[in-house]
1. Among residues belonging to the stretch 103-129 that are part of a loop (DSSP other than H, G, I, E, B) and away from ligand 2 (no atom under 11 Å from the Cβ), point out the one that is nearest to LEU12 (Cα to Cα).
2. Check the stretch 134-149 and report whether any residue there is open to solvent by less than 40 Å² (accessible area, probe 1.4 Å), farther than 26 Å from ILE65 by Cβ and assigned to a loop (DSSP other than H, G, I, E, B).
3. Could you please tell me which pairs satisfy a Cβ distance under 7 Å, a separation of 6+ or placement on different chains, a first residue in the stretch 1-19 that is of a type in the set (Val, Ile, Thr), and a second residue that is in a helix (DSSP H, G or I) and within 15 Å of ligand 1 (Cβ to nearest atom)?
4. Applying the selection to the stretch 109-124, what residues are over 13 Å from the mean Cα position of the chain (by Cα), surrounded by 14 or more Cβ atoms within 10 Å (Cβ to Cβ) and free of Cβ contacts under 8 Å to residues at least 40 places away in the same chain?
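The values are calculated or read from the model by the stated rules, or taken from the named source; none is laboratory data. Please read these numbers as outputs of a predicted model, since none were measured by experiment. Cβ coordinates were reconstructed from backbone atoms using ideal geometry, including for glycine residues, and neighbour counts include every protein chain displayed. In case anyone asks, the SASA skips ligands and DNA or RNA and just uses the protein heavy atoms, side chains included. Shrake-Rupley method; radii C 1.70, N 1.55, O 1.52, S 1.80 Å.
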Amino acid sequence: MEIITDAKMRELLKVYFILGSTNCTQDPLEVMHQAIEGGITLFQYREKGTGALLGEDKYKLAQAIQKLCQQHQIPFIVNDDVDLALSLNADGVHIGQEDESAAAVREKIGNKILGVSVHTREQAYEAIQQGADYLGLGPVFSTTTKEDAKAAAGTALIQTLRKEGLTIPLVGIGGITAENAPLVMAAGADGVSVITAISLADSVIHSTQKLCQAVYG
Ligand SMILES: C=C1C=NC(C(F)(F)F)=NC1=N
Ligand SMILES: [Mg+2]
């Protein structure tokens, strides 16, 4: 597998859905079916927080979702768990600042997609230097999904990085909905990353479609 181009990465980041078993009340596979139908462009399996699955249960759910993504040509990214990503031959990994370094993960995953969460300019430049394919910036708006989330930072960092001439593909995350997604895109993000606005929507498919419309303008 060759290294992904920035142009292709930008396309994938448009409507980046993230889900784990703790983020939905209905069957995760049913949520996935509807989100894929609604037009998500990239998926991240993030099994984290109170009540998260472990071991075999986590592996089995990840495998079932990966299969669904593969059937619809949606790349499958794993959050934090590099070993799970390698054992599933996932399309990529997303890591945070408290995980092992981007360079160490790049070493393990070869040309798979590597995403890094950043909260400051310094972390952004460091992640790029260590070979990240995209950056996740947030939380843009306030979120209740991530238990240890930082305060909402707005779109300031996205704007700053673009003003400084940074061209790396980047996605905003944190409290993003179809209503505020245009702000994130206007600030210079290549796409939006979403959990609750899709996973807990009354209609997953309708909510996903609205997000796609908001992003594609
Ligand atoms: C904490 C996170 C921040 N950003 C992202 C992504 F949207 F993929 F960039 N994923 C995460 N799990
Ligand atoms: Mg690159």
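1. LYS112
2. no
3. Pairs found: VAL15/LEU211; VAL15/VAL215.
4. Scanning the stretch 109-124 gives ILE109, HIS119, GLN123.
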